[in-house]
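Everything on this sheet refers to the single structure shown next.
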Amino acid sequence: MSRQEQAALMAWLNSFRPSRRVTAFDQLSDGKTLMEVMSLIDATHFKGASGRGTPGPSSSTPENWVLRSNTLKRLYRLLQSFPAQPPHHPLSTSSLPEPPFSAIVKSPTSPDGAAGLIQIVRMCLAVGVWAPGNEKVIGKIQGLGEGHMNELMKSIEEVSDAIRCAVVSVRCRADDWKVMDTMPPEEGAEEEKGASPIKRSPDLRDLRPPSPPSEVRVERDRLSQENDELRTRCEQMIEQVAELTTSLDEAKAETEEALARLAASRETSSAPGAGLRSSQTAAVDVDVLRADLARAEDELAKTEDALGKQTNQVAELTKTAGVGRPRALIHHQVDDLRAKADEATKLKDQLDEYRHTADRLQKSENVIEKYKKKLEESAGLRREMRTLEEENAVLVEANSTLEGELKKVGASKTLLDNYRSQIEALERKSNDQASQFAELSVQLEATRAQLLDTEREHERDREELELHQERVRELELGTAPGALARRASKLSISGKTTLEDELELDGEVEGQGETRTDLKLRIRALQRELASAKSPDSKGHQVSALETLLADANKARDRYQADYLEVHRGNLRLQAALEQIRSGKGVDTSQTVAALRQRLDELMEERDRLLDEKTREEVAMEEAEGELQIARTDSLRAQAEQDTVALQNRHSKLKEEVAALKEKDRLHLEETKKLLMEKVDLQSAGISQRELALQRERDFGDLRQRLAAKGVPQETQQEVLQLQARNADLESKVEAVNEELRRVKDAQDQARAQAATDESPRDDLDFGEAQKSYEAQIAKLKEDLVRSRSGAAALEKRYKLEQQLMLSAWHDLGSRTVREHVARAGTRRSQPKPQPSGWLGRQRRWQEDATFSR
């Protein structure tokens with residue numbers, strides 16, 4: 001045995017996914033996991049293995065090692081009796097020793113316990129592989145690792161070798177038997193004579209015909225099977241006794257706890273005598289059950305000892321069956337086994353008695369469960385009563401608080417009227433202000449839009465003004481294109497300038513190609529387009545167009561840079577020309593400068609006008625913001641007034657809820673009183689029913705005795721007893737219906753009296769709800785009354801009919817008995833018999849006279 005083999009066996013068992021996963025090899029010592037796995041492999045042979053489940057919570061304690069040992073023994077016997085398919089042989093023919101079950105259960109980690117446990121697991125593995133449906137087991141093994149597969153194959157080979165050795169030894173013994181059968185009888189007689197000179201008397205067992213060893217094995221197998229069945233039943237009875245013991249202990253603990261609670265709540269309970277009486281009855285039943293359990297355990301221990309002795313004898317017979325002993329001794333052992341079989345029959349009868357005892361214990365446990373449920377129901381009622389009292393106290397406090405607030409509110413009723421009028425006026429004013437606020441908000445939005453447009457226009461005008469100023473500066477500096485410079489230089493050289501030439505020069509200046517200012521304008525426009533294209537809210541389908549525009553702008557920039565270089569060169573030339581003009585050779589450009597200055601003055605006036613408009617818009621915006629703030633304040637005030645109205649409405653709703661809670665509280669108190677009364681009635685009814693049942697049993701016993709004394713047939717007695725029982729049940733039902741009718745009438749009278757005397761001042765809403773609830777309750781009571789009356793009438797009619805049937809049956813029975821007696825007496829008178837003279841005849845005649853007199 002190695003750790004690798006243990007790990008392989010645990011992996012194989014866990015592949016079946018048992019209810020409890022095996023993490024340590026010693027966990028298999030209880031046999032439950034092995035039983036579960038074998039029932040999955042072959043549910044027919046290992047039947048009932050997984051159905052019983054664990055015995056109970058006490059099975060894990062060290063005191064129940066006997067149950068675990070019995071489980072392992074039962075598994076071992078089932079493995080040995082498993083019918084293996086050829087060419088395999090059953091495990092009962094193996095030479096493996098019987099495992100030490102006590103060592104396995106008590107100390108599975110010891111050498112003996114571990115060896116015995118691994119032997120049982122190996123046998124389980126071999127049976128699983130040899131079973132008819134072994135495809136599943138082989139698939140599980142193939143799903144493991146290669147190391148686990150090798151270890152499992154070694155384990156199977158060890159079991160196969162043990163079985164093979166046992167089969168070879170059995171064959172050798174069979175050959176020895178054949179040799180002994182072929183021996184001549186004279187040699188055996190001579191040996192006997194040499195052994196003892198005194199001649200023995202012939203034994204009856206020696207005169208029987210010799211039986212072959214196969215009959216012994218068949219008898220042994222039959223007895224082993226019966227022994228297994230008896231042991232299985234004994235184990236089941238032990239488990240049932242353990243479960244009943246555990247249940248009895250739990251019920252006893254719960255009963256003691258319930259008795260303690262009843263003793264603590266004796267002051268608040270309405271009928272403590274009935275609960276105490278039922279608890280005492282339950283305690284007496286528990287004592288009786290405990291005595292029965294002790295007696296059953298003693299009997300089971302005796303039965304288990306007898307079964308152990310029988311098992312040992314069967315094992316000894318199994319060991320000595322194949323040894324070459326004399327046939328007379330084998331026949332003697334067979335007779336002993338037959339005697340043991342008779343004892344096994346007696347043990348079966350004892351097991352039946354134990355089964356009846358277990359049934360009685362189960363019934364007693366059911367009675368205990370009923371008492372337990374009654375105690376739990378009473379405890380639940382007490383808890384509900386306590387909870388209702390707490391809720392009642394909270395509601396009373398809330399009611400007193402709300403009544404004080406209601407008194408305060410009643411004192412300030414006139415103030416509330418004034419407040420309502422003021423609130424209505426403020427609401428109208430708030431509505432007007434809300435409409436004004438909406439109009440001002442619209443105007444403010446329009447003003448803001450205009451202000452934004454004005455700012456954009458102002459920004460645009462400012463940029464144009466800056467550009468024009470820059471252009472004026474350029475013109476003042478004389479930065480004209482190359483052609484204009486050359487023409488101006490020519491005019492300056494010639495010195496003849498006229499107004500037409502200057503106008504033509506200005507036209508050419510205006511019609512000339514783009515200047516530096518125009519380039520800046522275009523660059524800024526392109527930058528704005530680029531910024532708008534890079535904005536996140538631009539659409540995706542414009543990206544390609546903007547990229548194209550950007551490429552065009554880059555090309556234009558390159559072209560403009562080239563033009564700028566040319567213009568720069570022209571500027572250099574213009575500077576040279578300017579130097580010439582300063583030196584006195586230049587042309588007078590005063591008219592152009594005057595026109596530009598006039599344009600600059602117009603732009604400055606427009607800028608001042610825009611600034612004034614901006615200032616006015618800012619003032620209007622500040623006024624609108626002030627009005628907006630006022631409107632917000634008014635809206636907040638109106639919201640506060642609305643909140644005040646909502647709080648007042650909530651206060652009124654709370655008053656209505658308080659009134660409804662008062663009514664609910666009163667109804668809860670009435671229901672609690674009803675429940676308490678019903679509890680008392682049920683307890684008294686239970687006692688009365690028990691007494692009635694006892695009286696009924698006595699009446700039935702007396703009636704049965706009277707009928708037996710009168711010579712009534714058994715069938716007629718059963719019919720009369722059934723009719724009497726049915727009559728008693730109907731009487732109890734009629735009494736219950738009458739009691740229910742009386743209770744309904746009392747409740748109806750009480751409701752009417754309460755409705756007549758209830759004249760306290762209440763609100764209209766409370767009075768309406770109370771009236772509706774009373775009407776619904778009265779209608780329900782009327783329906784219950786009609787239903788009860790109809791049921792009572794039906795029961796009474798049925799009762800009368802059955803009573804008539806019983807009377808007629810009694811009459812028929814009496815008339816039949818009288819006719820039989822008359823006929824028998826007439827027959828005796830008409831045909832007189834000769835008087836017997838012997839002793840036997842006189843005894844028969846006296847018996848007939850005694851029967852007739854009865």
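The values are calculated or read from the model by the stated rules, or taken from the named source; none is laboratory data. Only a predicted model underlies this, so the values are computations on that prediction, with no experimental measurement involved. Ideal geometry is used to build each Cβ from the backbone, glycine not excepted, and the neighbour counts take in all protein chains shown.
Are any residues in segment 125-148 in a helix (DSSP H, G or I), touching a residue at least 24 places away in the same chain (Cβ under 8 Å) and not hydrophobic (A, V, I, L, M, F, W, C), and if so, which ones? Even if it seems obvious, please write down each step before you answer.
We begin by selecting, within segment 125-148, every residue in a helix (DSSP H, G or I); these are 125-130, 135-142, 146-148.
Then keep just the ones that are touching a residue at least 24 places away in the same chain (Cβ under 8 Å); that gives 125-130, 136-137, 140-141, 147-148.
GLY128, LYS136, LYS140, GLY147, HIS148 - these are the residues of segment 125-148 that are in a helix (DSSP H, G or I), touching a residue at least 24 places away in the same chain (Cβ under 8 Å) and not hydrophobic (A, V, I, L, M, F, W, C).
Going by the structure shown, is LEU40 in contact with a Phe, Trp or Tyr (Cβ under 8 Å, 6 or more places away or on another chain) and modelled with pLDDT of 85 or more? Steps first, please.
Working: in contact with a Phe, Trp or Tyr (Cβ under 8 Å, 6 or more places away or on another chain): yes; modelled with pLDDT of 85 or more: yes.
When the stated conditions are applied, LEU40 passes them.
Note down all Cβ pairs under 6 Å where the first residue falls in segment 594-610 and is modelled with pLDDT under 85, the second is among the hydrophobic types (A, V, I, L, M, F, W, C) and assigned to a helix (DSSP H, G or I), and they're at least six residues apart or on different chains.
LEU596/VAL472; LEU603/LEU465
Can you confirm whether segment 380-389 contains a residue that is farther than 30 Å from LEU654 by Cα and modelled with pLDDT under 80? Break it down stepwise before answering.
Our first condition is that a residue be farther than 30 Å from LEU654 by Cα; within segment 380-389, this holds for 380-382.
With modelled with pLDDT under 80 added as a condition, the list becomes 380.
There is at least one residue in segment 380-389 that is farther than 30 Å from LEU654 by Cα and modelled with pLDDT under 80.
Somewhere in segment 126-148, is a residue on the phi < 0 side of the Ramachandran plot and over 44 Å from the mean Cα position of the chain (by Cα)? Don't jump to the end; show me each part of the working.
Narrowing segment 126-148 to residues on the phi < 0 side of the Ramachandran plot: 126-148.
Filter once more, keeping what is over 44 Å from the mean Cα position of the chain (by Cα): none.
Within segment 126-148 (the criterion being on the phi < 0 side of the Ramachandran plot and over 44 Å from the mean Cα position of the chain (by Cα)), the answer is no, since none of the residues qualifies.
Considering each of GLN705, GLN724, GLN718 in turn, give the residue that is more than 30 Å from ALA736 (Cα to Cα) and over 45 Å from the mean Cα position of the chain (by Cα).
Details: GLN724 fails: more than 30 Å from ALA736 (Cα to Cα); GLN718 fails: more than 30 Å from ALA736 (Cα to Cα).
Sole residue among the options that is more than 30 Å from ALA736 (Cα to Cα) and over 45 Å from the mean Cα position of the chain (by Cα): GLN705.
Examine segment 60-68 for a residue that is at pLDDT below 80 and under 32 Å from the mean Cα position of the chain (by Cα), and state whether such a residue exists.
Checked segment 60-68: at least one residue is at pLDDT below 80 and under 32 Å from the mean Cα position of the chain (by Cα).
Answer with yes or no whether LYS614 is within 30 Å of SER421 (Cα to Cα) and either out of contact with any Pro (no Cβ under 8 Å at 6 or more places or on another chain) or not charged (D, E, K, R) (or both).
On the way: within 30 Å of SER421 (Cα to Cα): no; either out of contact with any Pro (no Cβ under 8 Å at 6 or more places or on another chain) or not charged (D, E, K, R) (or both): yes.
Here the answer is no, as LYS614 does not meet what is asked.
Pull out all pairs, ordered by first then second residue, where Cβ-Cβ is under 8 Å, the residues are six or more apart or on different chains, the first lies in segment 797-811 and is under 22 Å from GLU715 (Cα atoms), and the second is basic (Lys, Arg) and surrounded by 13 or more Cβ atoms within 10 Å (Cβ to Cβ).
Final answer for the pair search is GLU802/ARG726.
Restricting to segment 682-721, and then to whatever is of a type in the set (Asp, Glu) and closer than 22 Å to TYR371 by Cβ, can you tell me which residue is modelled with the highest pLDDT?
My answer is GLU691.
I'd like to check something: does segment 646-654 contain any residue that is among the small types (Gly, Ala, Ser) and in contact (Cβ under 8 Å) with a residue 12 or more places away in the chain? Give the derivation first.
Restricting attention to segment 646-654, the residues satisfying the condition of being among the small types (Gly, Ala, Ser) are 646, 652.
Narrowing the set further to residues that are in contact (Cβ under 8 Å) with a residue 12 or more places away in the chain leaves none.
Checked against the condition, which is being among the small types (Gly, Ala, Ser) and in contact (Cβ under 8 Å) with a residue 12 or more places away in the chain, segment 646-654 yields no hits at all.
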